[in-house]
Ligand code: F6P
């Protein structure tokens, strides 16, 4: 039997992701505290885990957590989506610091991240970090099976079968290991996986020594979700060509042994209402929109080479070269760049190059009382971000490649007056559905500048027409819809067979 845990019911949901839904920090007095992150996944999934008495398994964000040290309960004034999660629902996976270096900076973000984004020139191939990746995936699997054991012994009545929902490229091997351990112990569960980044072409994947193991790792699941059809098709093709599995491309299924794995395209959304609410209530961040003649272009990205940050700066340069008299003194490009993976060399050199390019372009056009590019190298709280989105004339969302890109969606959610324009890269997963945006090729800096000009000059009636459609779609297909759709897919899954105990 099955009840979608988003509805009333008892099925337990065990979420497994690289990071816990909050970071643990140790205060100067040594006491642990929960520190919150505002991601859409957490907003949608944490309340459901709370409601069905499920568990969330992940890395806590620190290295000195004692074996028997407990995750603290939420404080009384905690209003975040994770506030309802009790201490015993949050299971930290301790990763020794040395392993973490090879796992996170090494295989996850030095190998898989560039490979899955098809940045072949940035891939590091390293046997040690692959071995550590295997080992760390085992840590996660062991914790998950511990949780399953507990669910089975303490909470479950016969018909309730827990769903284990594993997330993202850091844990590609985890499903196979969980299945193996659960089968050994006769523990029932259903396994689902969602990949939050692109899945590469067969040719690209094939350059990886462990590609076979990765495919088998994922195929231990009953349902595997991707953002867009291209990634689903790439995965199916790899299963056919690399493993020789029987694949049905129309129904998106893969046969493996006696099982049929369902591959599903389920594009993620955002907590639309939450962003809209923030945009309605947040105070103005600056007077830009009050001064009729000034224009604000906004970009928000992690500082990552997939995001096309340098190309954007060059597009601003081109725009000012082409239309200097129109925009000089009146245009600001605000790049919010969230620091990311700062221990990795590629990320450090990108930050340096970006700062240099911004300095060069600002130096070229600035006057005594104006410069065109503002760069904030930090993340902002959600309400401040919502105010920037709301008060911007244009959002420039032009990654070179991106699994989905939620910034495009957050921007439209905050456009409560339907007055802004979205410039969007063809190469973001979001481009599959956000057809009313101005679409661009982010590599073509000249065309990027022309699109920006067009967006800045767009009539208010055209902005409104486009924005209304964009907003209606994102409101409907929000993160809650995405989560329910995934869990609904799990409804049809037969659980891992529970062996009969000898009588
Ligand atoms: O988009 C993939 C992803 O791993 C997200 O899950 C995460 O929010 C983001 O990249 C940042 O990742 P990291 O954990 O490396 O900071």
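Here is how the numbers come out for the structure above:
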| read-out | value |
| --- | --- |
| Residue in region 467-478 that is surrounded by fewer than 24 Cβ atoms within 10 Å (Cβ to Cβ), without any contact (Cβ under 8 Å) to a residue 60 or more places away in the chain and under 30 Å from residue 328 (Cβ atoms) present | yes |
| Criterion: closer than 21 Å to residue 93 by Cβ, more than 16 Å from the ligand (Cβ to nearest atom), in a helix (DSSP H, G or I) and in contact with a helix residue (DSSP H, G or I) (Cβ under 7 Å, 6 or more places away or on another chain) - qualifying residue of 145, 164 | 145 |
| Odd one out for residue 60, checked against (1) within 14 Å of the ligand (Cβ to nearest atom); (2) within 30 Å of residue 400 (Cβ to Cβ); (3) surrounded by 16 or more Cβ atoms within 10 Å (Cβ to Cβ) | (2) |
| Tally, over region 175-197, of residues that are assigned to a loop (DSSP other than H, G, I, E, B), within 16 Å of the ligand (Cβ to nearest atom) and either within 13 Å of residue 16 (Cβ to Cβ) or touching a strand residue (DSSP E or B) at 6+ places or on another chain (Cβ under 7 Å) (or both) | 2 |
| Single residue of 65, 85, 32 found to be surrounded by 20 or more Cβ atoms within 10 Å (Cβ to Cβ), under 21 Å from residue 147 (Cβ atoms) and in contact with a strand residue (DSSP E or B) (Cβ under 9 Å, 6 or more places away or on another chain) | 85 |
| Sole exception among (1) over 23 Å from residue 408 (Cβ atoms); (2) in contact (Cβ under 8 Å) with a residue 24 or more places away in the chain; (3) surrounded by 16 or more Cβ atoms within 10 Å (Cβ to Cβ); (4) more than 25 Å from the chain's Cα centre (by Cα) for residue 293, by number | (3) |
| Those helices (runs of 4 or more DSSP H) lying entirely in region 201-290 with at least 1 residues closer than 19 Å to residue 173 by Cβ | 202-205, 211-219, 229-243 |
| Count of region 381-400 residues which are out of contact with any strand residue (DSSP E or B) (no Cβ under 8 Å at 6 or more places or on another chain) and either within 25 Å of residue 445 (Cα to Cα) or away from the ligand (no atom under 16 Å from the Cβ) (or both) | 6 |
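Residue by residue, here is whether (1) touching a helix residue (DSSP H, G or I) at 6+ places or on another chain (Cβ under 8 Å); (2) assigned to a helix (DSSP H, G or I); (3) more than 16 Å from the ligand (Cβ to nearest atom) holds:
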| position | (1), (2), (3) |
| --- | --- |
| 78 | no, no, yes |
| 94 | yes, no, yes |
| 106 | yes, yes, no |
| 114 | yes, yes, no |
| 133 | yes, yes, no |
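Laboratory data are not the source of any read-out in this text; all were calculated from the coordinates shown. Treat the numbers as computed from the prediction; the structure is a model and nothing was measured. For neighbour counting, all protein chains shown are included, and Cβ atoms are generated from backbone atoms with ideal geometry for every residue, glycine included.
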